Amino acid sequence: MIGLRSITLAVLLGTTAVHAGPEEDRQRFREFYQNRLSSIPLEAHVDGAYAMNAGAREQWLEMEEFPPYEFELDEGQELFEASFADGESLASCFPEGGQGVRQGYPYFDEEAGEVVTLELAINRCREAHGEQPLPYLSGDLAKISAYMAYTSRGNVINVPTPQSEAALAAYESGKQFYYSRRGQLNFACSSCHMQNTGLNLRAEILSASLGHTSHWPVYRLKWEELGTLHKRFQECNSQVGAVPLEAQSEAYRNLEYFLTYMSNGLEINGPGTRK
Amino acid sequence: MNGPVRWYSAALMALLLLAGCGGDSTPAQESTQQAPAAGEPAEDTVSTNPEADFPAALAAARERHQQAMDLEFAWSRAETLIESAENAAAAGDFAGALEMAIQAEKFAALSIEQATTEAEAWQARVP
């Protein structure tokens with residue numbers, strides 16, 4: 001009887017949480033990690049799994065001394081500064097000439113009625129100036145994104161709180177994606193990155209989702225190049241036996257919107273290096 | 001039908017987290033050798049003419065899998081089984097092809113069921 005009642009209570013509480021506003025969600029998200037991983041300061045989670053293990057962190061810091069993304073970062077700057085055929089360049093499409101603006105992405109574009117990620121904005125700019133869009137997973141787009149993140153290091157993530165109903169719906173859909181079980185293994189993002197955060201999955205420590213978007217694009221040793229956040233989303237979907245979605249699909253953009261909003265207040269530290 | 005999926009994944013999660021199997025393979029690979037859901041009713045009656053029955057079975061599997069794709073809840077196991085079924089049929093192994101198409105449809109059905117369950121269930125996981 002008691003068991004049943006407490007289950008009902010949990011369900012009710014869960015339901016209440018769902019209807020909480022984004023700002024309340026963010027507070028609870030932070031509290032969750034504060035309680036679960038109380039020895040780790042919340043700001044430290046921008047370093048992912050390397051916030052959790054001293055040995056791994058040391059190796060990682062050594063690697064960051066001569067960062068493997070350095071070459072691609074330089075190329076990213078060149079690509080960013082290069083002129084389009086019409087004489088304009090990427091700088092013309094962004095506030096502050098595109099310097100130090102990473103922390104405001106993604107945002108909900110009220111006119112277009114959709115979430116705009118930094119990568120989408122870069123390609124839209126190219127298309128507006130008669131250039132071909134670039135592939136989203138790695139390569140030139142990741143390099144440009146890396147350069148834009150680099151100029152934004154130390155800036156505080158500041159995704160605007162959803163104001164309109166449409167913005168709130170996009171945020172809610174990202175939130176639902178994050179907490180929904182998927183794939184044959186029946187795991188949600190939260191199953192690994194909340195329920196089991198700090199524990200080992202094979203050779204890897206499961207990072208917190210707080211700070212998950214601060215350091216992209218990432219040079220992964222496994223990829224041997226810079227890759228975008230949506231490439232990581234695809235891998236995390238695939239590894240539970242779910243068919244991954246397209247990079248920059250509406251669902252992934254909404255997921256990024258929710259996830260980045262949760263990290264509001266943390267610092268941009270991209271591009272990053274990961275195993 | 002959700003029961004088996006849950007238990008199955010709970011067991012897998014425990015295994016994955018505790019065993020620390022090493023290597024760089026993905027968790028999904030762990031499950032590929034298993035039948036869709038342990039404790040399911042016995043296999044459908046064996047077809048006496050797999051070549052004749054295969055096209056309908058493949059179409060049914062594709063349709064279910066497409067539904068799951070549209071819901072953004074599709075499973076890669078259904079996808080690979082459909083491909084394998086097509087390859088087996090192309091190679092003239094219709095008995096094998098039919099069996100795989102039937103399996104694929106079952107996986108696709110489970111993925112749709114997951115989407116249906118999750119439409120509500122996710123809410124209980126929000127802190």
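Toward the positive end of the charge dipole of chain A, with +1 on the Cβ of Lys and Arg and -1 on the Cβ of Asp and Glu, the farthest Cα among A:PRO244, A:GLN184, A:GLY174 is that of A:GLN184. Treating the Cα atoms of the range A:219-275 as identical point scatterers in vacuum, please give the log10 of the normalised Debye intensity I(q)/I(0) at q = 0.18 Å⁻¹, two decimals. Ignoring solvent entirely, the Cα scatterers give -0.73. Which of the trypsin sites (Lys or Arg not before Pro) found in the range A:84-173 are in a DSSP loop and have at most 11 neighbouring Cβ atoms, other than their own, within 10 Å? Answer in residue order: no site qualifies. Per-residue mean of foreign Cβ neighbours for A:201-212 is 2 (Cβ atoms of other chains, 10 Å radius). The slack in the chain from A:ASP86 to A:GLN27, taken as 0.36 nm per residue of separation less the alpha-carbon distance, amounts to 16.6 nm.
Apply the a/c threshold of 1.5 to the C-alpha gyration tensor of the range A:131-275 and tell me whether it is rounded, prolate or oblate. Since a/c stays below 1.5, the shape of the range A:131-275 is classed as rounded.
Averaged over peptide B:68-77, how many Cβ atoms belonging to another chain are found within 10 Å of each residue's Cβ?
That average works out to 5.
Might you tell me the accessible area per residue for chain A, computed with a 1.4 Å probe and given in Å²?
It amounts to 43 Å² per residue over chain A.
To put it simply, the accessible area of the range A:70-150 at a 1.4 Å probe is 46 percent carbon and sulfur.
Accessible surface of the range B:47-127, 1.4 Å probe: 52 percent of it comes from carbon and sulfur atoms. Highest mean first, the peptides B:48-60, B:76-88 sorted by other C-beta atoms within 10 Å per residue fall in the order B:76-88, B:48-60. Restricting the GluC sites (Glu not before Pro) of the range A:91-194 to loop positions (DSSP other than H, G, I, E, B) with no more than 14 neighbouring Cβ atoms within 10 Å leaves A:GLU110, A:GLU111.
Lysine pair count for chain A (Cα-Cα distance under 15 Å; residues 8 or more apart in sequence or on different chains): 4. Note that the range B:47-127 carries a Kirkwood radius of 13.1 Å, evaluated over its alpha carbons pair by pair.
If you take the alpha carbon atoms of the range A:70-150 and fit the smallest convex hull around them, that volume is 92 Å³ per residue.
Principal semi-axes of the equivalent ellipsoid, √(5λ) from the alpha carbon gyration tensor of chain A, are 32, 23, 17 Å from largest down.
What's the buried accessible area, both sides, between A and B using a 1.4 Å probe, rounded to 100 Å²?
Result for this pair: about 3300 Å² buried.
Entry note, chain A: relative contact order of 26 percent, from Cα contacts under 8 Å with a spacing of 6+ residues.
For the segment B:106-113, counting C-beta atoms of other chains within 10 Å of every residue's C-beta and taking the mean gives 1. Averaging the Cα positions of each part gives two centres, and for the range A:167-192 and the range A:126-145 these lie 28 Å apart.
Surface listing: B:MET100, A:MET194 arranged by accessible area from highest to lowest gives B:MET100, A:MET194, probe 1.4 Å.
The values are calculated or read from the model by the stated rules, or taken from the named source; none is laboratory data. As the structure is a prediction and not an experimental result, all values here were calculated from the model. Every residue, glycine as well, gets a Cβ built from its backbone with ideal geometry; the counts of neighbours run over all protein chains shown. Heads up: the accessible areas ignore ligands, DNA and RNA and are worked out on the full protein's heavy atoms, side chains in. Shrake-Rupley method; radii C 1.70, N 1.55, O 1.52, S 1.80 Å.
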